[in-house]
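Take a look at the structure set out below.
The values are calculated or read from the model by the stated rules, or taken from the named source; none is laboratory data. Please read all numbers here as calculations on a predicted model, not as lab measurements. Neighbour counts run over all protein chains shown; Cβ positions are idealised from the backbone, glycine included. Just the protein is used for accessible areas: all its heavy atoms, side chains included, with ligands, DNA and RNA removed. Shrake-Rupley method; radii C 1.70, N 1.55, O 1.52, S 1.80 Å.
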Amino acid sequence: EAGVAQSPRYKIIEKRQSVAFWCNPISGHATLYWYQQILGQGPKLLIQFQNNGVVDDSQLPKDRFSAERLKGVDSTLKIQPAKLEDSAVYLCASSLETGDSYEQYFGPGTRLTVT
Amino acid sequence: GNSVTQMEGPVTLSEEAFLTINCTYTATGYPSLFWYVQYPGEGLQLLLKATKADDKGSNKGFEATYRKETTSFHLEKGSVQVSDSAVYFCALSRGSQGNLIFGKGTKLSVKP
């Protein structure tokens, strides 16, 4: 079974530029999560989708971050414009359904450096 | 609000030593508790979980018991191996949405 795929794996941009990350969840998984992991900290949820609807985006900085999951499969996370404090690893995870009885499977992450 | 506190790392042990990584949580109600592990160069993966008080989660020789009275979920292993070197994250999930709140992680290095 293929795991969660993410691209790119690494990205370096200058502040005020824009960037987009892509995630392909495990086939058949209805729930998709985006987490931000700043160096030395644990992952923090940015947004959660159930199929193509948003379940929770309370911690997404909506003035600069956006995410979509148009067909309920792949998802993109965008930052525009980027700030230095956005330097982090962006993790995508998926689970069969929503709820803590369903294991979340994580992708390898995209490491973003903003200079 | 909900939060997780883990012991600071890094932790360095010799092979076959006993491991404890402390984890305490703050939450209203009854969260589910998890330990995730991140091996070098790999993504996060679930190590074990417990969903109610006094439950013990176990996997690959690791164990953790959900202690409601002390709001703790300490990770233990009787004899660590070099291959256990990784970063360990304690996490909680509360509510029907299932999203996770993580601790800061504890890096474990096991030397032969």
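Values as computed for the structure displayed
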quantity	calculated
Carbon plus sulfur fraction of accessible area for the stretch B:1-80, probe 1.4 Å, in percent	45
Charge dipole (debye, nearest 20) of the stretch B:19-112; +1 at Cβ of Lys and Arg, -1 at Cβ of Asp and Glu	100
Cβ-placed point charges (K, R +1; D, E -1), dipole of chain A about Cα centre in debye, nearest 20	560
Average accessible area per residue (Å²) across the stretch B:1-42 - probe 1.4 Å, nucleic acids and ligands excluded	53
Loss of accessible area when A meets B, both sides summed, Å² nearest 100, probe 1.4 Å	1500
Size of electric dipole in the protein assembly as shown: Cβ of Lys, Arg +1 and of Asp, Glu -1, about Cα centre, debye, nearest 20	560
C-alpha center-to-center spacing [the stretch B:9-29, the stretch A:13-68] in angstrom	28
Links that overshoot a 28 Å alpha carbon limit, given the list A:K44/B:K107; A:K62/B:K68; A:K44/B:K49; A:K62/B:K56; A:K71/B:K60	A:K62/B:K68; A:K62/B:K56; A:K71/B:K60
Dipole of chain B, positive end: most advanced residue of B:G61, B:P112, B:Y25 [Cβ charges, Cα centre]	B:Y25
All aspartates and glutamates inside 19 Å of A:K83 as judged from Cα atoms, apart from same-chain residues fewer than 8 positions distant	A:E14, A:D63
Peptide A:38-45 - average C-beta neighbours from other chains (10 Å radius)	5
Signed unit charges on C-beta, dipole axis of chain B, positive-most listed residue B:N99, B:V11, B:A50	B:N99
Cα gyration tensor shape for the stretch B:1-64, rounded if a/c is under 1.5, else prolate or oblate	prolate
